[in-house]
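Only one structure is covered here, and it is reproduced in the block below.
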Amino acid sequence: MKSIYLVFLFFIGIQLQAQSIKNFSLKDTQNSTKSFDELKGEKLTVIDFWATWCKPCLKSIPAINTIYEQYKDKGVSFISINCDGPRSIAKAGPMSQSLKIQYPVLLDIDSTVKTQLNLSAFPTLIIVNAKGKIVWFHEGFISGDEKEIIAQIEKYSNEK
């Protein structure tokens with residue numbers, strides 16, 4: 001059964017990597033509307049989908065904060081998209097502050113962007129190139145995944 005699930009995840013990853021990001025707009029934690037086009041990076045955009053109730057998300061965010069510090073001045077933008085629903089969305093702002101997220105935190109309360117991208121698990125991290133194509137997709141987080149994220153940023157930030 002586990003191998004069937006892994007094959008399924010593999011094909012979803014391939015399908016996502018063939019996708020492009022369409023411009024979207026979401027409110028941030030200060031209730032300002034931000035669009036993907038205004039936040040995207042010159043070379044790459046790393047988008048982290050998470051929820052306040054997701055334990056692996058809470059472990060991944062400090063690692064992503066560290067990666068952000070390393071790449072923020074190298075043409076790589078980071079966007080955090082919280083996917084809590086209406087009942088728990090009030091926790092997103094305070095939690096993003098306590099986790100010290102330094103990059104924009106957007107709120108996908110109705111799962112609009114999550115649904116457009118066919119995402120099914122948290123955390124999900126995608127890397128989008130300058131042309132808007134999803135070049136890498138990763139579900140879940142375990143210690144050590146940050147090395148793979150860095151490797152993928154290095155790989156795709158050097159592409160022309």
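The values are calculated or read from the model by the stated rules, or taken from the named source; none is laboratory data. It should be emphasised that the depicted structure is a prediction, and the values quoted were computed from it without experimental measurement. Ideal geometry is used to build each Cβ from the backbone, glycine not excepted, and the neighbour counts take in all protein chains shown. Accessible surface areas use protein heavy atoms only, side chains included; no ligands, DNA or RNA. Shrake-Rupley method; radii C 1.70, N 1.55, O 1.52, S 1.80 Å.
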Point to revise | Count of region 115-160 residues which are within 22 Å of Q70 (Cβ to Cβ), open to solvent by less than 60 Å² (accessible area, probe 1.4 Å) and touching a helix residue (DSSP H, G or I) at 6+ places or on another chain (Cβ under 9 Å) | key: 20
Exercise for review: Can you tell me which residue among T66, T112 is touching a residue at least 24 places away in the same chain (Cβ under 8 Å) and open to solvent by 80 Å² or more (accessible area, probe 1.4 Å)?
Suggested key: T66
Exercise for review: Among residues belonging to region 1-22 that are part of a loop (DSSP other than H, G, I, E, B) and either at pLDDT 95 or above or crowded, with 16+ Cβ neighbours inside 10 Å (or both), point out the one that is nearest to the chain's Cα centre (by Cα).
Suggested key: I21
**Study point:** Residue check, K155 free of Cβ contacts under 8 Å to residues at least 24 places away in the same chain and not in a loop (DSSP other than H, G, I, E, B)
**Key:** yes
Study note, to complete from the structure: For region 55-108, the count of residues that are on the phi > 0 side of the Ramachandran plot and among the charged types (D, E, K, R) equals 1
Study note, to complete from the structure: Counting only strands (runs of 3 or more DSSP E) wholly inside region 25-130, the ones holding at least 3 residues that are in contact with a strand residue (DSSP E or B) (Cβ under 6 Å, 6 or more places away or on another chain) and among the polar types (S, T, N, Q) are 76-82
